[in-house]
Amino acid sequence: MAHTAVFADIVATQPPKDVVEPHGSNAFALNDGAAYQPEKRLSVYDEKILEATRPSVADPHEYPPPTDEERSTLRKVADSVPSVSYWLCAVEFAERASYYGVQTVFSNFLEFPLPQGGNGAGAPPAGTQETAGALNRGEQFSNAFVLLFYFLSYSVPIYGAYVADVQIGRYKTIMIGVLVCGVAHVIMIGGAAPSVLQAGKGMAPFMISYFMLAFGAGMFKPNIAPTVLDQYVHQREYTMVLKSGEKVIKDPEATVQRVMLIFYGLVNVGAFFGLATTYCEKDVGYWLAFLTPGILYFLLPALLIILNKHIVKKAPDGSVLTNVFKITGMSIKQNKFKLWGKGYWDAAKPSVLAAKGITTFNGKPISWTDQMVDDTARTYAACSIFLYFPIWYSNDGGIGNILTNQGAAMTTNGAPNDLLSNFNPLTIIIVIPILSYGVYPMLRKYKIKFGRISRITFGFILATISGMFGAIVQWRVYETSPCGYYASSCTVGTGVSPLNIWWQIPNVALGAISECFCNVTAYEIAYARSPKGMKAVVMAMFLFNTALGTALGEVLTPVTVDPHLIWVWAGLAIALAVQTVIFYWSYRKMDNDEFMTYQDDEEVLEEYRRGSVVDTTVDSIESEGRMEGSEKREIDGIGSVVDPARPST
């Protein structure tokens, strides 16, 4: 360490000219007469740009980078994360608690009528096997609208991400989503009042709040995870000596993984809130089932306002998305309109184009760099991985309300038929600390590679087993129901199979554990493999594949009825098993590629000179309090006086 520090000091210090230019020739120089090579001096303005855009770990004294030998021998550990990241995770918890709290009871609310002999608020008579209900629209209508809600919630994020990354920034977009969802909760609570339901007028307010809630969630969801990770500014590996005397590597991948595990854990703490609302609908009625998560949600605006001054906010940067489209177009053109091939993206690199005499695109100078092309290739690779998620998603608890419907045909002994779906978040809450503080650190300690693709593959395998178990349980329900293979609407005898609803637990638990490997890893990939101005957009592309999974469910809605439910479970499980083999074989090499890429100084300056928006980075840093006003004024002065070619802002 001492030798490294001394060497760094020597390199960083400009020696006197009479030292580097001694009289006579240097007998020890590698090239006689070439001992002195004038150092390329950066302008003060360039230095300020680099200072503003480098990660804070760029200081090799405070954050010494590991050597190749240290990378192969030292243990990798997660870095510390600012407390504001955890507060933002709490924001996600509150939003998800309200979202899942109301969404969990949508199925029964839409499918079943107000129970006869109930209290008129949707709750069934106490001590009966009846199911809570309100609007009496039937199974297929309920299933279709549950799936549509998911689809909208995970497709609207594409718009929310575009608004954030290109126009107004992620924090403002989050606030818009929070306000829209707040209004939706108020309307939903009012529309579930007993007098409204008994008058048969509950559909209109429900539908208004339904679409508003989906839109607000879509504005919020793609922006919160990138904002949480943006608070972790030390995004390069460095070495550190622990109090125990052990020297370790603070690893960005391990850090992002831990943050996303905690984030996803709190998402599911919020989702577990659905357990409370299922009992609310069963014992009291829907007005309380909608009010309870609404109360929690109304705390969100105040919490975000309190956190406002402490959050690192990234300015919107529309040029990044624009350049990705330009790079894509240039690659297609240079590859003669083929859509794939070896070295496909290299054809769009400015260095390769310059060798061909190409320096313009659509009549204007090329505005991207070689690094941007590499980032674009990594982004497309991430998005292609996400295309494997719809079939996995359809195996995680089944499609639509098929799990709830299965539970309604089983003996519940007074428990809500949608109770078992709440064991999904409970399982995740238990498993995530085990992975974060037990399994993954142990694997890193013993140098056992469990890479990104391997984790997703393992999650796919678990979900396949989960789907097969769902098929087996459905078969047993049919075999033991008084109505045989028409168990879902049975009115003979008790109307249900003697098979206890708790047999759904293995199905739910395996699907939940698979999420810890699939969803969390996908969050990591979406953030790490996207350009700095497209974090929300790439996250939205991942979320959109969840929407595609629900679209697949919509397509299968006509067959999600008796007597076909066994094959609805089994068919999707078989499809996932086949897909898992294809997925691992296609992407296995990605386990060993670089987690994040970084721009060197020349790339940063070249990007700036090409007219990119490095200025917005400087401006955002100023607004975050990480650059003194005098420094920003110095940059502005230098830009306007010394560097007249500086792009206008």
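See the values below:
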| item | result |
| --- | --- |
| Enumeration of residues in the range 411-470 that are in a helix (DSSP H, G or I) and closer than 30 Å to Ala123 by Cα | Leu420, Ser421, Asn422, Phe423, Asn424, Pro425, Leu426, Thr427, Ile428, Ile429, Gly470 |
| Filter result for the condition that a residue is surrounded by fewer than 22 Cβ atoms within 10 Å (Cβ to Cβ) and assigned to a helix (DSSP H, G or I), over Ala90, Ala97 | Ala90 |
| Some residue of the range 266-284 being of a type in the set (Asp, Glu) and either at positive phi or in a helix (DSSP H, G or I) (or both) | yes |
| Those helices (runs of 4 or more DSSP H) lying entirely in the range 126-208 with at least 3 residues aromatic (Phe, Trp, Tyr) | 139-162 |
| Residue satisfying all of: in the range 209-239; assigned to a loop (DSSP other than H, G, I, E, B) and not β-branched (Val, Ile, Thr); modelled with the lowest pLDDT among these | His234 |
| Answer residue from the range 155-192, given it is of a type in the set (D, E, K, R) and touching a residue at least 24 places away in the same chain (Cβ under 8 Å) and is nearest to Ser530 (Cα to Cα) among those | Asp165 |
| Residue check for Pro531: outside any helix (DSSP H, G or I) and under 27 Å from Gln406 (Cβ atoms) | no |
| Hey, Thr464 of a type outside the set (A, V, I, L, M) and either at pLDDT 95 or above or not assigned by TED's automatic domain parsing to the domain that holds Asp396 (or both) or not | yes |
| Top-ranked residue in the range 240-265 [being part of a strand (DSSP E or B) and out of contact with any Leu (no Cβ under 9 Å at 6 or more places or on another chain); ranked as surrounded by the fewest Cβ atoms within 10 Å (Cβ to Cβ)] | Val241 |
| Failed item, numbered, when Pro65 is tested on (1) touching a strand residue (DSSP E or B) at 6+ places or on another chain (Cβ under 7 Å); (2) farther than 30 Å from Ala214 by Cβ; (3) at pLDDT 85 or above; (4) buried (at least 18 other Cβ atoms within 10 Å of the Cβ) | (4) |
| Every residue from the range 197-215 that is surrounded by 19 or more Cβ atoms within 10 Å (Cβ to Cβ) and over 14 Å from Val102 (Cα atoms) | Leu197, Gly202, Phe215 |
| Lone unmet requirement of (1) surrounded by 24 or more Cβ atoms within 10 Å (Cβ to Cβ); (2) outside any helix (DSSP H, G or I) for Ser394 | (2) |
| Criterion: modelled with pLDDT under 90 and of a type outside the set (S, T, N, Q) - qualifying residue of Leu275, Leu242, Leu266, Leu291 | Leu275 |
| Qualifying residue in the range 546-559 (condition: in contact (Cβ under 8 Å) with a residue 40 or more places away in the chain, in contact with a helix residue (DSSP H, G or I) (Cβ under 7 Å, 6 or more places away or on another chain), part of a strand (DSSP E or B) and more than 30 Å from Val256 (Cα to Cα)) | no |
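Condition check ((1) hydrophobic (A, V, I, L, M, F, W, C); (2) outside the structural domain of Val555 (by TED's automatic domain parsing); (3) touching a helix residue (DSSP H, G or I) at 6+ places or on another chain (Cβ under 7 Å)) across all residues:
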site: Ile327; (1), (2), (3): yes, yes, yes
site: Met330; (1), (2), (3): yes, yes, yes
site: Phe337; (1), (2), (3): yes, yes, no
site: Gly343; (1), (2), (3): no, yes, no
site: Ala347; (1), (2), (3): yes, yes, yes
site: Tyr380; (1), (2), (3): no, yes, no
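The values are calculated or read from the model by the stated rules, or taken from the named source; none is laboratory data. Because the structure is predicted, anything quoted here is derived from the model rather than measured. Virtual Cβ from ideal backbone geometry, glycine too; neighbours counted across all protein chains shown.
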